[in-house]
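See structure below.
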Amino acid sequence: MDELLPQAGSFDLLVKAYPPRAGGGVGAYICALQPGEKALMKVKPAEFGYLAGAPLSPGRWKQIGLVACGTGLAPLYQVATQVLAWNSGTRISMVLACRTEEDILMREELDLMVRNPCFRLHTQLSMPTGGWPAKSSGRITSKTLGDCLPAPDASSMILVCGTDGFVDTVAGPIQRITLPNGQKRKC
């Protein structure tokens, strides 16, 4: 698993260049940068990394279910990498939703990760080409999630990350709140 951990003093970005739209376009901007060009980035406070109100820590849950769509894979991949590096025995089940096989991001990294017996991956394609398994074709359903993720209880946690529409479909409506300090957050 060490080959999956980031090197000290560096970081990786997973960015997909979608066409710019109102309120978006960061991916297209970053992907258009040329080697040597700079981009000013702001790091979010540590609290943004909390899961269910506290930092991720070894043994907090026996099972973690991760449901990702598109670049929503990146933060959930980070969670999986960290948990697996602890060798705490926590089992991770990930459901990844993509349109086509070509849309599967970080495929090499995921192929390495599935070698770990504590990690299971189910990739669901909504627009598969010939040869893709029928049970992994079409949109994600509650049956898919029930078959692939841990059962809900106090020893498990399910995390969902993707577009607002995807999260709304899989986990329910997203709420936008304003904190007392004026910061806005989705929850």
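The values are calculated or read from the model by the stated rules, or taken from the named source; none is laboratory data. Every value quoted in this text rests on a predicted model; they were computed, and no experiment measured them. Cβ: placed from backbone, ideal geometry, glycine included. Neighbour counts: every protein chain shown. These accessible areas exclude ligands, DNA and RNA; they are computed on the full protein's heavy atoms, side chains included. Shrake-Rupley method; radii C 1.70, N 1.55, O 1.52, S 1.80 Å.
What to note about this one:
- Matching residues in region 121-134 - criterion: being outside any loop (DSSP other than H, G, I, E, B) and surrounded by 10 or more Cβ atoms within 10 Å (Cβ to Cβ): LEU121, HIS122, THR123, GLN124, LEU125
- In region 135-154, the residues that are in a helix (DSSP H, G or I), open to solvent by 40 Å² or more (accessible area, probe 1.4 Å) and of a type outside the set (Gly, Ala, Ser): LYS135, LYS143, ASP147
- Among the residues making up region 69-88, none is within 18 Å of GLY27 (Cβ to Cβ) and touching a Pro at 6+ places or on another chain (Cβ under 6 Å).
- Residue among ARG115, ARG91 that is loosely packed, with under 14 Cβ neighbours inside 10 Å and either modelled with pLDDT of 95 or more or closer than 23 Å to ILE30 by Cβ (or both): ARG115
- Tabulated pairs, region 85-103, first over 19 Å from ALA74 (Cα atoms), second in a strand (DSSP E or B) and open to solvent by 50 Å² or more (accessible area, probe 1.4 Å), C-beta under 8 angstrom, 6+ apart or interchain: THR90/GLN63
- Restricted to region 49-76, and to residues there that are modelled with pLDDT of 85 or more and over 23 Å from THR141 (Cβ atoms), the residue that is surrounded by the most Cβ atoms within 10 Å (Cβ to Cβ) is TRP61.
- Residue within region 155-163 that is at pLDDT 90 or above and open to solvent by 60 Å² or more (accessible area, probe 1.4 Å) present: yes
- Lone qualifier among MET94, MET106 - being farther than 22 Å from ALA151 by Cβ and touching a Phe, Trp or Tyr at 6+ places or on another chain (Cβ under 8 Å): MET106
- Helices (runs of 4 or more DSSP H) wholly inside region 8-115 containing at least 1 residues that are among the small types (Gly, Ala, Ser): 26-32, 73-85
- Counting only residues that are open to solvent by less than 60 Å² (accessible area, probe 1.4 Å) and over 14 Å from the mean Cα position of the chain (by Cα), region 77-88 holds 3 of them.
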